[in-house]
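**Student:** Provided herewith is a single structure, encoded as structure tokens, for subsequent inquiry.
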Amino acid sequence: LNRINFGNRSYGIKVAAKRYFGKELKDLELWQMATLAAIPKSPKYYSPILYPDKSKERREVVLKLMFDQGYIKEAEKEKASLAVFKAPDVTTPTDYLSFIDYTVEEASSLYNIEEDELKRGGYKIYTTMNANAQKIMEQDFKNDKLFQKSDEEQQFQGAMVIVDHQT
């Protein structure tokens, strides 16, 4: 539970509790615990953020199993069933996501290590990306005055490559 994928770039149950509920594990309510227990079967499909209805259906399965096996009482099950998920205001880093995805994919292929193992196995990947140059470039690309305007017939795109010729 400390290392498995809970979706939304959350690895480990403590991270998932913070991500989905903005709480520490010890502070979770029954319905929140059941929601987390439901996610690992299919982290994307049962994500309460992406698919709240599917997540709630799966939570019901977990609650029924808990009741059937004597871990909770019927009143607790009913109360937990009525809870409605509301995502907390937690900011997820969105910087360089495509670069990160590409880097992980390349490392996985190069070293024959599964992507999931790379993300939770304690590996460190060093790249040549210059975060400062990247931020400056992104700011410039947001400035419409620096680029030709797109129209219905022609949508313009741009890219930039910075190379240190000495290395």
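Derivation of every value follows stated rules applied to the coordinates shown; laboratory data play no part. Worth saying up front: this structure is predicted, and the values here are computed from it rather than measured. A quick note on method: Cβ atoms are made from the backbone with ideal geometry, for glycine too, and the neighbour counts reach across all protein chains shown.
**Student:** Residues that are touching a residue at least 40 places away in the same chain (Cβ under 8 Å) and at negative phi: find the helices (runs of 4 or more DSSP H) completely inside segment 1-78 holding 1 or more of those.
**Tutor:** Passing ranges, in order: 13-21, 30-38.
**Student:** Sticking with this one: Can you tell which of 30, 1, 50, 36 is farther than 30 Å from residue 134 by Cβ, of a type outside the set (Lys, Arg) and touching a Lys or Arg at 6+ places or on another chain (Cβ under 8 Å)?
**Tutor:** The unique qualifying residue is 30.
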